[in-house]
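Peer 1: Below are the structure tokens for one structure; questions will follow.
The values are calculated or read from the model by the stated rules, or taken from the named source; none is laboratory data. Quick caveat: nothing in here was measured; it's all calculated off a predicted structure. Cβ placement follows ideal geometry from the backbone for every residue including glycine, while neighbour counts extend to all protein chains displayed. Ligands, DNA and RNA are stripped out before the accessible areas are found, and what is left, the full protein with its side chains, is counted by its heavy atoms. Shrake-Rupley method; radii C 1.70, N 1.55, O 1.52, S 1.80 Å.
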Amino acid sequence: MMALGILVIRIVVGLLFVGHGAQKLFGWFGGHGIKGTAGWMESIGMKPGVAMAVLGGLMELIGGVLLAAGLFTPVAAVLIVLTMLGAIAKVHGKNGIWATANGYEYPLVLIAVVIGIALTGAGDYSLDALIK
């Protein structure tokens, strides 16, 4: 049952990161695409905006795909953790911990989830398990 539980967590969290990456890169799912994301990133001091938008979008998209598939799970975790640390540093950190005040609670939970999965392994229902 543990492998099934890890699978559910990987798929949900991974696909949500795929969605966030697609918002930044392609404007899908209500996102603003590279141009809109780049403008926002520039406005919070992340320059150059286009490069940062592409980098952030790719890290979320690739990290999410890898996590959902359970492939190179430690690499997926690093990509996602770096993205979330950037979100905490540039957006949420100044607001304190609680999500109700746009704080860093949720990015911190996501960091814990992906580190937990990277440390325990992707489980029996993963591509990592197939290539061992």
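Peer 1: Tell me which of these Gly57 doesn't satisfy, since it passes every other one: (1) open to solvent by less than 20 Å² (accessible area, probe 1.4 Å); (2) closer than 20 Å to Arg10 by Cβ.
Peer 2: Just one mismatch for Gly57, condition (2).
Peer 1: Of the conditions (1) closer than 24 Å to Asp128 by Cβ; (2) in contact with a Lys or Arg (Cβ under 7 Å, 6 or more places away or on another chain), Ile80 satisfies every one except a single condition; which number is it?
Peer 2: Ile80 satisfies every listed condition except (2).
Peer 1: What's the total number of residues in segment 1-51 that are among the aliphatic types (A, V, I, L, M), under 30 Å from Gly121 (Cα atoms) and without any contact (Cβ under 8 Å) to a residue 40 or more places away in the chain? If you could, list the steps in order and put the result at the bottom.
Peer 2: Here is the first cut: in segment 1-51, the residues among the aliphatic types (A, V, I, L, M) are 1-4, 6-9, 11-13, 15-16, 18, 22, 25, 34, 38, 41, 44, 46, 50-51.
Those still in the list that are under 30 Å from Gly121 (Cα atoms) too: 1-4, 6-9, 11-13, 15-16, 18, 22, 25.
Subsequent filtering for residues that are without any contact (Cβ under 8 Å) to a residue 40 or more places away in the chain retains 1, 8, 12, 22, 25.
Within segment 1-51, residues that are among the aliphatic types (A, V, I, L, M), under 30 Å from Gly121 (Cα atoms) and without any contact (Cβ under 8 Å) to a residue 40 or more places away in the chain number 5.
Peer 1: Condition first: under 17 Å from Ile9 (Cβ atoms) and touching a Phe, Trp or Tyr at 6+ places or on another chain (Cβ under 8 Å). Now tell me which residues in segment 69-89 satisfy that.
Peer 2: Selection gives Gly70, Ile80.
Peer 1: Still on this structure, please answer the following. So which residues in segment 13-51 are open to solvent by 30 Å² or more (accessible area, probe 1.4 Å), within 18 Å of Ala89 (Cβ to Cβ) and of a type in the set (A, V, I, L, M), if there are any at all?
Peer 2: Of everything in segment 13-51, those that are open to solvent by 30 Å² or more (accessible area, probe 1.4 Å), within 18 Å of Ala89 (Cβ to Cβ) and of a type in the set (A, V, I, L, M) turn out to be Ile44, Met46, Ala51.
Peer 1: Check Ala87 against each of (1) open to solvent by less than 30 Å² (accessible area, probe 1.4 Å); (2) closer than 26 Å to Gly5 by Cα and name the one condition it does not meet.
Peer 2: Against the list (1) open to solvent by less than 30 Å² (accessible area, probe 1.4 Å); (2) closer than 26 Å to Gly5 by Cα, Ala87 comes up short only on (2).
Peer 1: State all residues of segment 1-30 that are assigned to a helix (DSSP H, G or I), of a type in the set (A, V, I, L, M) and more than 17 Å from the chain's Cα centre (by Cα); if no residue qualifies, say none. Before you say what the answer is, go through the steps one by one.
Peer 2: Residues of segment 1-30 assigned to a helix (DSSP H, G or I): 2-26.
When the remaining residues are screened for being of a type in the set (A, V, I, L, M), the result is 2-4, 6-9, 11-13, 15-16, 18, 22, 25.
Answer for segment 1-30, where residues must be assigned to a helix (DSSP H, G or I), of a type in the set (A, V, I, L, M) and more than 17 Å from the chain's Cα centre (by Cα): Met2, Ala3, Leu4.
Peer 1: Condition first: more than 13 Å from Pro74 (Cα to Cα), touching a residue at least 60 places away in the same chain (Cβ under 8 Å) and open to solvent by 30 Å² or more (accessible area, probe 1.4 Å). Now tell me which residues in segment 93-130 satisfy that.
Peer 2: Asp124, Tyr125
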